1. Of the conditions (1) closer than 19 Å to CYS175 by Cβ; (2) out of contact with any helix residue (DSSP H, G or I) (no Cβ under 8 Å at 6 or more places or on another chain); (3) not in a helix (DSSP H, G or I), LEU273 fails just one. Which one is it?
2. Criterion first (buried (at least 16 other Cβ atoms within 10 Å of the Cβ), closer than 27 Å to ALA276 by Cβ and aliphatic (A, V, I, L, M)) does VAL249 satisfy it?
3. Restricting to the stretch 13-63, count the residues that are over 14 Å from ASP105 (Cβ atoms), assigned to a helix (DSSP H, G or I) and of a type in the set (Ser, Thr, Tyr).
4. What pairs come out if I take residues in the stretch 116-145 that are crowded, with 24+ Cβ neighbours inside 10 Å and pair them with residues that are among the acidic types (Asp, Glu) whose C-beta lies under 7 Å away, six or more apart or interchain?
5. Among (1) surrounded by 18 or more Cβ atoms within 10 Å (Cβ to Cβ); (2) at positive phi; (3) among the small types (Gly, Ala, Ser), which single condition is GLY154 missing?
6. Report every pair of residues separated by at least 6 positions or lying on different chains whose Cβ atoms are under 9 Å apart, first residue within the stretch 200-216 and surrounded by 18 or more Cβ atoms within 10 Å (Cβ to Cβ), second among the polar types (S, T, N, Q) and assigned to a loop (DSSP other than H, G, I, E, B).
7. What do you reckon, is ALA135 under 30 Å from ALA217 (Cα atoms) and under 18 Å from the mean Cα position of the chain (by Cα)?
Amino acid sequence: MSGPRVDPRTLLTPAMRGVLDRMARARQAPMQTLTPQQARAAYELGAGMLEIPAPALARVQDLHVPARDGHPIPARLLAPSTAQLPVLLYFHGGGFTIGSIASHDVLCRQLSYLAQCAVLSIDYRLAPEHKFPVAARDAWDATAWLAANAAALGLDGTRMAVGGDSAGGTLAAVCAVLARDAGLALALQLLFYPGCAAHQDTPSHTTFAHGFVLEEAQITWFFNQYIRSAADRDDWRFAPLNAPDVDGVAPAWFGLAECDPLVDEGVLYADKLRAAGVAVELEIYRGVTHEFIKMGRAIGTARQAHADAAAALEKAFNR
């Protein structure tokens, strides 16, 4: 016989609980009740509210990366110096529907500053205007392009990593598999609470379904924008847990949030990689929710996660 159900809110740190209380008092319309265009505008408006001050960097360059169909993918190159630095290719989160270079600019600057590496942030195409698998294709096209053009950008293409948060973490994991298939050696895949599973059926999806920033109804709304049919969910480019094999993919660093619907599938993917002999470092940040890494002004744990991720990058780049 099971014991009494524990209120998952008791797991939250006081700082995280304070953020959630302020969000509740703001009474903003749930994202799943908005159009994608309204959701993007709302997210961009709030994206920097809890961020740390943006570090100043020596190099900030906006450019375009050609996709396979000729579409120019906007990108931003950030670097703390003009030296030939290793580079992290970063994919922003947002359920494949919202988010941008701008919404994740502070996070990318912070990673660049702390790890003393270059970061190339990618504005892959969003749903519903661009359905699955366009985001995955854009992500891989950017990866292959960077590998071929790093030297021309003054970067060290022999030391290259991929990374992202949430849906961007999914894209980074996909690119790590595709890089393995293409014979492209990556130093690291840096995964902040990535989406990894085909279906929302792990226990954490139930436990943290409501009131923890990322809600189940919102996840369903995101995915309904992105997928063309239910069959897309089972494609490994949507759900890396479905990859036929992950032998020989790049080492992985996971930064997961304890109070997040996606935490269980992140652990499951880390286990899949480990079982294939991939070097994995897994951090589960206690008492925080999805999106916490963009709340560094209010959540000290976010600043710790930034430092941990930067240390993983420095180690992977042999700095």
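None of the figures in this text is laboratory data; all of them are computed from the coordinates on show. Nothing here was measured: the structure is a model prediction, and the numbers come from that model. All Cβ positions, glycine included, derive from the backbone under ideal geometry; neighbour counts span all protein chains shown.
1. That leaves (3) as the condition not met.
2. Working: buried (at least 16 other Cβ atoms within 10 Å of the Cβ): yes; closer than 27 Å to ALA276 by Cβ: yes; aliphatic (A, V, I, L, M): yes.
Yes, satisfied.
3. Count: 1.
4. From residues that are crowded, with 24+ Cβ neighbours inside 10 Å, the pairs are TYR124/ASP138.
5. Evaluating GLY154 over (1) surrounded by 18 or more Cβ atoms within 10 Å (Cβ to Cβ); (2) at positive phi; (3) among the small types (Gly, Ala, Ser) leaves (1) as the failure.
6. LEU214/SER166
7. On the way: under 30 Å from ALA217 (Cα atoms): yes; under 18 Å from the mean Cα position of the chain (by Cα): yes.
Yes, satisfied.
Residue-by-condition table, conditions (1) of a type outside the set (D, E, K, R); (2) surrounded by 23 or more Cβ atoms within 10 Å (Cβ to Cβ):
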{"residue": "TRP253", "(1), (2)": "yes, yes"}
{"residue": "ASP260", "(1), (2)": "no, yes"}
{"residue": "TYR269", "(1), (2)": "yes, yes"}
{"residue": "LEU273", "(1), (2)": "yes, yes"}
{"residue": "ALA276", "(1), (2)": "yes, no"}
{"residue": "ILE284", "(1), (2)": "yes, no"}
{"residue": "GLY296", "(1), (2)": "yes, no"}
{"residue": "GLN304", "(1), (2)": "yes, no"}
{"residue": "LYS315", "(1), (2)": "no, no"}
